[in-house]
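Peer 1: Just dropping this structure here.
The values are calculated or read from the model by the stated rules, or taken from the named source; none is laboratory data. Keep in mind it's a predicted model, so treat the numbers as computed, not measured. A quick note on method: Cβ atoms are made from the backbone with ideal geometry, for glycine too, and the neighbour counts reach across all protein chains shown.
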Protein chains: 2
Amino acid sequence: MLELAILGLLHESPMHGYELRKQLTTKLGAFRFAISYGSLYPTLRRLQAGGWISEGAPPTGMSASTEEVPLLTGKRGRVVYTITAEGKERFQDLLSAAGPETYDSEAGFGVHFAFFARTDPSTRLRILEGRRRRVEERREGMRDVLSRAAERLDTYTLELQRHGLEACEREVRWLEELIANERNGTTPQPPSAQDPERSS
Amino acid sequence: MLELAILGLLHESPMHGYELRKQLTTKLGAFRFAISYGSLYPTLRRLQAGGWISEGAPPTGMSASTEEVPLLTGKRGRVVYTITAEGKERFQDLLSAAGPETYDSEAGFGVHFAFFARTDPSTRLRILEGRRRRVEERREGMRDVLSRAAERLDTYTLELQRHGLEACEREVRWLEELIANERNGTTPQPPSAQDPERSS
DNA sequence: GTTCGATGTATCGGACCGATACATCGGGCC
DNA sequence: GGCCCGATGTATCGGTCCGATACATCGAAC
């Protein structure tokens, strides 16, 4: 999960840990996702051990990302991580591997969704539908609780269920819209959508 | 967190692990909360070590909960856990101890909220306001991302932020309503609210 | 010149999850 | 009768991730 997120961000540009964390919480944080250093650094080491990222500046002297990265001077500390070719492959693999963990957790789905621009259309659809099914299940569960036990629960518990149910219904509607757009080949939201190429 | 949830449920009636887990996911599950046995059983042992719950049927031969618990025959397995007097104290302590962890996590807030009926009014208000502040912070963060970076993000990432922002706004509104009701002394939602007894 | 907040790297203990392994029981089915 | 199967039920293990914490550097404010 975290691996996918990190690879995805490093795919765009090399970064050091601090910056990486900021991006993780802002760009991917929308769907409840916050990462602590206690998981970031171990994961970075894991990725390094797998040969998917490497420490140090980009492979050959490039000046493209000059403004993105504050450009480490030779000083001390400040470790910049760069994705390797194997890392890019790994990223693509993880992107299309949409198992149950992709639908189950908020975070998992959020991360996958954030990289949809680089995910192939069929996988996108698969993930959206899987997620929808999952949320629908939760919704049904809460409906049951509300209808069967309306009398046996105190007001607060009841209100909690009611709010949860509403959130689920909203999310299902949102997903349904996304799925419809996906089938049309339209991009999600904006007024003027250009016809995207039809790969696969 | 889990300790609080378990003590709260056992406070209502003794239960065995399986039933406990079901209740945890249905009654408290609304605000994204699912528990696995891998955390349930260790926590039960922790609670037992602390003397807050005890194994076996309720202290003295009571027949009140006959229909609630499937009533273990002498067979095998089937361990029923009962809350102790110290456990009840502990429960009250945890209820009023509303630290940052109460506001930060969905689950933490959900559990506390589910037991609001047994929480004193001032603590309720404190928790609701703390939670609101937290959600407002997240909301502002997302607003910033959306306004500053609207051009630099792809459609999907943008849509993710948009959806997240909307969810935050909803939750803030919900909390605001609850806070207002709390100040009025009204119970949360229903049309005709009877004046609740004012217990300690 | 020194205090302070932002930037930055890193670890440790512990909470929690997912998978898994069992064992028991009541039915349905051949 | 014998069999399997799904629901009920207890329990552990490895691993992921979190929260707290410790440091070190740097520019700006005072």
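Peer 1: Out of B:T66, B:T43, B:T73, B:T60, which single residue is at pLDDT below 90 and within 16 Å of DNA strand C (Cβ to nearest atom)?
Peer 2: Details: B:T66 fails: within 16 Å of DNA strand C (Cβ to nearest atom); B:T43 fails: at pLDDT below 90; B:T60 fails: within 16 Å of DNA strand C (Cβ to nearest atom).
It is B:T73.
Peer 1: Sticking with this one: Out of all the residues in the stretch B:134-174, which are outside any helix (DSSP H, G or I) and more than 14 Å from A:F113 (Cβ to Cβ)? Working first, answer last.
Peer 2: Within the stretch B:134-174, the subset outside any helix (DSSP H, G or I) is B:150-154.
B:A150, B:E151, B:R152 - these are the residues of the stretch B:134-174 that are outside any helix (DSSP H, G or I) and more than 14 Å from A:F113 (Cβ to Cβ).
Peer 1: Same structure again: Has the stretch B:21-38 got at least one residue that is more than 14 Å from the chain's Cα centre (by Cα) and among the hydrophobic types (A, V, I, L, M, F, W, C)?
Peer 2: no
Peer 1: In the stretch B:111-130, how many residues are among the small types (G, A, S) and either in contact with a strand residue (DSSP E or B) (Cβ under 6 Å, 6 or more places away or on another chain) or closer than 10 Å to A:T157 by Cα (or both)?
Peer 2: Number of matching residues: 2.
Peer 1: A further question follows. Among the residues of the stretch B:168-189, write down those that are facing chain A (nearest Cβ under 7 Å) and at pLDDT below 90.
Peer 2: So the first thing to find is which residues in the stretch B:168-189 are facing chain A (nearest Cβ under 7 Å), and the list is B:174, B:187-189.
Result: B:T187, B:P188, B:Q189.
Peer 1: Separate question: Within the stretch A:6-23, is even one residue more than 14 Å from DNA strand C (Cβ to nearest atom), within 14 Å of chain B (Cβ to nearest Cβ) and in contact (Cβ under 8 Å) with a residue 40 or more places away in the chain?
Peer 2: Residues of the stretch A:6-23 more than 14 Å from DNA strand C (Cβ to nearest atom): A:7-8, A:11-12.
If we keep only those that are within 14 Å of chain B (Cβ to nearest Cβ) too, we end up with A:8, A:11-12.
Now drop any that are not in contact (Cβ under 8 Å) with a residue 40 or more places away in the chain, which leaves A:8, A:11.
For the stretch A:6-23, residues more than 14 Å from DNA strand C (Cβ to nearest atom), within 14 Å of chain B (Cβ to nearest Cβ) and in contact (Cβ under 8 Å) with a residue 40 or more places away in the chain: present.
Peer 1: Quick check on my filter: what residues within the stretch A:136-152 are more than 8 Å from every other protein chain (Cβ to nearest Cβ) and not charged (D, E, K, R)?
Peer 2: Residues satisfying the conditions are A:L146, A:S147, A:A149, A:A150.
Peer 1: Next up: Identify the residue in the stretch B:30-59 that is touching a residue at least 24 places away in the same chain (Cβ under 8 Å) and within 14 Å of another protein chain (Cβ to nearest Cβ) and, among all such residues, is surrounded by the fewest Cβ atoms within 10 Å (Cβ to Cβ).
Peer 2: The qualifying residue surrounded by the fewest Cβ atoms within 10 Å (Cβ to Cβ) is B:R32.
Peer 1: Which is modelled with pLDDT of 90 or more and within 11 Å of DNA strand C (Cβ to nearest atom), of A:G110, A:G87, A:G38, A:G130? Walk me through it before giving the result.
Peer 2: On the way: A:G110 fails: within 11 Å of DNA strand C (Cβ to nearest atom); A:G87 fails: within 11 Å of DNA strand C (Cβ to nearest atom); A:G130 fails: within 11 Å of DNA strand C (Cβ to nearest atom).
Result: A:G38 is the single residue among A:G110, A:G87, A:G38, A:G130 that is modelled with pLDDT of 90 or more and within 11 Å of DNA strand C (Cβ to nearest atom).
Peer 1: Something else: Does the stretch A:153-167 contain any residue that is under 30 Å from A:L9 (Cβ atoms), within 11 Å of another protein chain (Cβ to nearest Cβ), crowded, with 18+ Cβ neighbours inside 10 Å and modelled with pLDDT of 90 or more? Walk me through how you get there before you give the answer.
Peer 2: Restricting attention to the stretch A:153-167, the residues satisfying the condition of being under 30 Å from A:L9 (Cβ atoms) are A:167.
Right, trim to within 11 Å of another protein chain (Cβ to nearest Cβ) and you get A:167.
From what's left, crowded, with 18+ Cβ neighbours inside 10 Å: A:167.
Of the ones still in play, those that are also modelled with pLDDT of 90 or more are A:167.
Yes, that holds for at least one residue.
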